[in-house]
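Remarks on the structure that follows.
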Amino acid sequence: MTNGGVTNQEIAALLEEIAALLEQQEANPFRVRAYRTGAATVRKQKKPVVTTITEESADALQELPGIGEGLAGTIAEYISTGRSRALERLQGEFAPADLLVRVPGIGEELAGRIVEKLGIETLEELERAAHDGRLATVEGFGPRRLETVRANLGSILSQATQRRVRQRATASAPPTPLPDQPTVAQLLSVDEEYRRRAAADELNKIAPRRFNPNREAWLPVLHTEREEWEFTALFSNTARAHELNATRDWVVIYYRPEGKGQDAEGQNTVVTETSSILVGKRVIRGREEECRYYYTEAAPTHQHDDGVAAQIKDEEAIPF
């Protein structure tokens, strides 16, 4: 369902605001230019972009000069919902609960309880919790709602992602690389670069509105690339992170393949492990088994502290 009241001028203003924030945060100049080119194209159109989407589809926008799949997805999302995840992320405003309410069967109140109790921040983490029993412990989840959420998640997540999540939940097989997400090595590399540059005060900072009454510009933002992937990294600014004093430890990494739209976008949270054999290591939530493999097998030249690698290899199974 589209919002017929959105004008071309409003859409252009949105794209220009995203371009300005990307420029301030020292993102790739080509990305900045793409948003500005898209804004100029939309502003010149005599026919309302809303009409193009209503009469044809969001894909039809890609026939306009300078509008690729990524920009078309941003425009379509704004017309459909009145919001832009790309803009909210650049402003440090995107909250995990906003992501969870995209799943039919989960409202705002229930999403808040899930985040508060389980610390879940991605759909992949939610899928895993739905199958390993944790989601059933959240107030409001009976057998029927749990089955509904499982089914809806199944239609949202790719089949490959579902297989990996369920495989991790049962620990029945070694992890396998998938084409729909960056590798563990890429994500940990982005995490390392972000924390190193944030500590050295080399990154531009934004002033998120949430949990920031004094409007302090405290949140560093990194835009970077690894091979065919675009990444945005920033410390978690969630209620849970503040409650656990983890705002300088938890790093949220948003990613998508270069040039792809919003539907291809994903996110992961990287934290310092506190309870497993990987204690002290940086671990990707929801991909713990892959991290274990990375530290012990996939990165044999990686330096492991305190004999972690040898200890892991001697274990039959490690509870995370």
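Applying 1/(1 + (r/R0)^6) with r as the Cβ-Cβ distance of Q24 and R113 and R0 = 35 angstrom yields a FRET efficiency of 0.50.
Summarising the label geometry, the points placed 7 Å from Cα in the beta-carbon direction at K47 and D180 lie 3.3 nm from one another. For the stretch 237-242, backbone phi angles converted through the Karplus equation (6.51, -1.76, 1.60; θ = phi - 60°) give residue-by-residue couplings of 10, 9, 4, 5, 5, 5 Hz, Gly and Pro being listed as x. Segment E139..N152, full-extension length gain: 2.8 nm, with 0.36 nm per residue of separation and the alpha-carbon distance subtracted. For N245 and R196, what does the FRET efficiency come to when R0 = 22 Å and r is the distance between their Cβ atoms, rounded to the nearest 0.05? The value I calculate is 0.60.
Quick note: the coordinates plus some simple rules give every number you see, no bench work behind them. Everything numeric in this text was worked out from a predicted model, so none of it was measured. No Cβ is skipped: glycine too gets one built from the backbone with ideal geometry, and neighbour counts run over all protein chains shown.
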